[in-house]
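Written below as structure tokens is the structure these notes are about.
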Amino acid sequence: MEEGVISTETVAGDVAVQLRGITKTFPGVRANFDIDITVRRGTVHAIVGENGAGKSTLMKTLYGMHRPDEGTIEIDGKPVTLKSPSDAIALGVGMVHQHFQLADNFTVLENIILGDEPTSSGVLKMDVARERILEIGKAYRLSVDPDALVEDVGVGDRQRVEIIKALYRGCRTLILDEPTAVLVPQEVEQLFSALAELKSQGLTVIFISHKLDEVLSVADEITVIRGGTTVTTVLPHEVTARQLAELMVGSELPSPETRESTVTDRVLLDVSSVSLANDAGRVVLEDISFTIHAGEVVGIAGVEGNGQAELVETVMGLQKPFAGSVRLGDEDITAWSTRARREAGVGYIPEDRTRHGLLLEASLWENRILGHQTEAPNAKGVLIDRKGARADTERIVAEYDVRTPGINVIASALSGGNQQKLIVGREMSGNPRVLVAAHPTRGVDVGAQAAIWDEIRKARVAGLGVLLISADLDELIGLSDRIKVLLRGRFVADADPHTVTPEQLGSAMTGAGGESS
Amino acid sequence: MRKFLLALVAPLLALGFALLVTTVILLVSGHPPLDVYQQMWDYGTQPDSIVLTINLSTTYYLAAIAVAVGFKMNLFNIGVDGQYRLAALFAAFVGGHVSLPPVLHVTVIILVAVIVGALWAGVAAVLKNRRGVSEVISTIMLNYVATGIIAFLLAPDKFAELIEGSNNIGTKPIPSSGQVPGFDVVSGASAPIYGTIVLAAAVGIGFWWMLNRTRFGFDLRASGLSPTAATASGIDAKRMVLFVMLLSGGLAGLIGIPQLVGAAYTYNLDFPAGLGFTGIAIALLGRNSPVGILFGSLLWAFLDVSRQILDLGGVSKEIVTIMQGVAVLSVVIAYELVRRYRITAQQRDVGRQLAAEAEMAGAAA
């Protein structure tokens, strides 16, 4: 174990992990077939591919979470059989999942040793653990406060805790699943310098991502996966982000750019001086004012947890502000219920589609009704119009290219991208005046992403006003006509999407950069 | 077809398991199981037993539907028991004191029962909406309060009078204009089948129709499937709690009606108690579905009637209680297993179909 931390004497170029002909079939789905990857020791090896291309399945195979049907895994030149993650850990493979697996009410130290506690005759030896954690932190320049509660530390710190946790267990090959998805650009840089440190000390990093600029800047080698199999392995200086993306999708690439302005002077949504307190009485939105015109997309940038979710809920009537007003067209809707707002033409793409956008165990046509229970074609008086709803669901499935065998399957049987297309189709039905879109393309594949961007653009041309919240800064810059930056519940800056860069936006989001433009 | 089969698998598995456990207990206690079952079957299929079973299941059916309405949106109305007893007391009292033409008289009795049941359940809804009190706690407490109120009101100088020739006291008997005649369809039976079986059937059909065809039913199911998605879709959770609680309580008010207008004509100390809890068990057994509950209540009633023979043969009739308990417990587990299987099976099917389509498209290209 101890050498895991200190050993540096490995020659870059040795093969750390070799996967040959890996095939993994789930009933009816071939998630991986004939995967060949060679990961050299002391390198950062990126694996890129669309959502659903089979990256996660492959990493689960390598981490021993399931066994491949065919193919061989070699670690450090020896063929191995991984029956469980503990086998993988014993062989020096560690993994940081996309969704952190930490206990919030434990300290950093407790989280790191959880499951591998140093004890002497049944008594925890915290001092030994603390010493080793500080040692690892120093060796790889991963600073954490071992005694802080995990719920009190930020996302970047949590990620470091996960990495240290893997290193603490003697990991020599570290798998990072979409590690930058939750980070702002500054935190991404910190992560990358940590990865460089790990690399320089002979550790191997397998980096899964679909953010291609990052992959190009951090990886030594890049393997592209498409449709469950490996397409090619390239070196970063040989390709551009665009070429890489085309390898990923296997065709020409969409982009979120919308340049010709369609903004009119007709105000659709007018939020003025809104302040909101949470259940605990803390003010989470303070003096928020903005307007959205017909044909305009207003983007809200911000690190998660700075009030975006609350802002969306206030606009949708799910939260009642203690001050300020919300107007839709000529009407003051501050006191209106969510249903009244929806009926008045506010479409809503919620942030978490599985919790707020869908009834997972209900059929697609019933999900078509959700949120529009009182409107045609779903209802006739107090009755549900089953025929109308079903016919309209067929229309959405066709128009929005929802990949499904039929409208009677339950929503949870669809992939995330198809679920989202159904939601977008539903919310675009009945000619909404304003669309509130929270992270509309989060966790969907490139194809669905392009389709959703298209729909937002089309609707904008037709005079829709859009409130767009997104953590994907490229999406935000590409789609928005104006960007406002939210920090700790207040607007701290405005940005012009024509001129602002993601880095500038990132600085403003963390409060480091001051006013931009 | 698969959907239909899957719907049957869970209850059949659970009943099979319950039968197995009962058989083992019978064997251990030294009774020949087949013999015992034979006795129960023979006794349960006699004409009088059949009428008793059907009448009992009418009551059980209403009780289970009252519970199921709440269960459908994860609202646990444990207070059905108190609601129906209180409702029956008031309905009997009013029914005994008014004189009205036949149909109207019965209608008034039913209305009083529904209103009293709904109001009593409404207390729990208001407590939940205003003060965040869990309806599970408040409805259980309200059962005790109802028991207290009934004991207070069912006294000679209040709602009740002494029944001649006994120590029993009850409300003034409902005159014949407020009585519902039964159907004499089982030959050889000494009592008729409750006329109010029609009421139970209407409630069952109405429940199904409400759930599947109305906006309110959609909102109710959506609230049960995902409270977060329901709220985001514009459903007012508090209003749903209030309406569904009132509905559940109103239906609970009906539970005492078959007995009241079909056999007893009075609310007395012998009026059946505990039906609300039976209703909970049957709602679980029938998966809150009107059809499932129909079978559940028939089975439950059959077991309750046919167990009466067991004491004569020296077998403790509580053996049937064990069987019912095991059945409910295992049906809950079985339903959950089937539910999970259903979801993964459908995900797999969709994956397979889409993969096949993609392959065909690939071959065509």
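Every read-out reported here was derived from the displayed coordinates using simple, explicitly stated rules and does not represent laboratory data. None of the values given here were measured: they were computed from a predicted structure. All Cβ positions, glycine included, derive from the backbone under ideal geometry; neighbour counts span all protein chains shown.
Listed values, structure above:
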{"item": "Proxy reagent accessibility, fewest Cβ within 10 Å first, across B:PHE90, B:PHE71", "result": "B:PHE71, B:PHE90"}
{"item": "Within the range A:443-517, GluC sites (Glu not before Pro) in DSSP loop having at most 16 other beta-carbon neighbours inside 10 Å", "result": "A:GLU515"}
{"item": "Two-decimal ratio, the range A:413-508, of alpha-carbon radius of gyration to 2.2 N^0.38 Å", "result": "1.13"}
{"item": "Most mobile of B:GLN39, B:GLN259, B:GLN347 in a GNM of chain B (Cα contacts under 10 Å)", "result": "B:GLN347"}
{"item": "DSSP loop chymotrypsin sites (Phe, Trp or Tyr not before Pro) with at most 15 other Cβ within 10 Å: longest gap in chain A", "result": "A:107-321"}
{"item": "Local net charge near A:THR232, Cβ-Cβ under 12 Å (Lys/Arg +1, Asp/Glu -1)", "result": "-3"}
{"item": "The range B:55-288 - Debye-derived log10 I(q)/I(0), Cα point model, q = 0.10, 0.11, 0.15 Å⁻¹", "result": "-0.46, -0.55, -0.97"}
{"item": "Distant alpha-carbon pairs in chain A (separation over 46 angstrom), percent", "result": "17"}
{"item": "Sorted by Cβ density within 10 Å, fewest first, the residues B:PHE4, B:PHE295, B:PHE159", "result": "B:PHE4, B:PHE295, B:PHE159"}
{"item": "Projected label distance in nm at A:ASP330 and A:HIS99, using a 7 Å step from Cα toward the beta-carbon", "result": "4.7"}
{"item": "R0 of 56 Å, Cβ-Cβ distance A:THR81-A:LEU383: FRET efficiency to nearest 0.05", "result": "0.40"}
{"item": "Of all DSSP beta bridges in the protein assembly as shown, antiparallel share, percent nearest 5", "result": "60"}
{"item": "Computed [θ] at 222 nm, deg cm²/dmol, chain B (DSSP H ≥ 4; -39,500 (n - 2.57); rounded to nearest 500)", "result": "-24500 deg cm²/dmol"}
{"item": "Neighbour-count ranking [beta-carbon atoms within 10 angstrom, fewest first] of A:ARG403, B:ARG85", "result": "A:ARG403, B:ARG85"}
{"item": "Among B:SER248, B:SER138, B:SER57: highest mean-square fluctuation, GNM of chain B, C-alpha pairs under 10 Å", "result": "B:SER138"}
{"item": "The range A:2-249: proportion of alpha-carbon pairs further apart than 35 angstrom, %", "result": "12"}
{"item": "GNM flexibility winner over chain B from B:ALA202, B:ALA355, B:ALA88 (Cα, springs under 10 Å)", "result": "B:ALA355"}
{"item": "Set of aspartates and glutamates near A:LYS380 by C-alpha distance (under 18 Å), chain-local residues within fewer than 8 positions excluded", "result": "A:GLU343, A:GLU366, A:ASP392, B:ASP219"}
{"item": "Coordinate range along principal axes, alpha carbons of the protein assembly as shown, Å, largest first", "result": "102, 73, 64"}
{"item": "Cross-link partners of A:LYS24 among aspartates and glutamates (Cα-Cα below 15 Å; sequence separation of 8 or more within a chain)", "result": "A:ASP34, A:ASP36, A:ASP69, A:GLU70"}
{"item": "Charge dipole (debye, nearest 20) of the protein assembly as shown; +1 at Cβ of Lys and Arg, -1 at Cβ of Asp and Glu", "result": "2340"}
{"item": "Links that overshoot a 32 Å alpha carbon limit, given the list A:LYS60/A:LYS199; A:LYS211/A:LYS421; A:LYS421/B:LYS128; A:LYS320/A:LYS421", "result": "A:LYS421/B:LYS128"}
{"item": "Distant-in-sequence amide H partners of A:GLY347 (H built 1.01 Å from N, under 5 Å)", "result": "A:ARG433, A:VAL434, A:LEU435, A:VAL436"}
{"item": "Those aspartates and glutamates that a straight Cα-Cα span of less than 15 Å connects to A:LYS78, excepting residues fewer than 8 apart in one chain", "result": "A:ASP14, A:ASP87"}
{"item": "Rounded to the nearest 20 debye, dipole of chain B from Cβ charges on Lys, Arg, Asp, Glu", "result": "1380"}
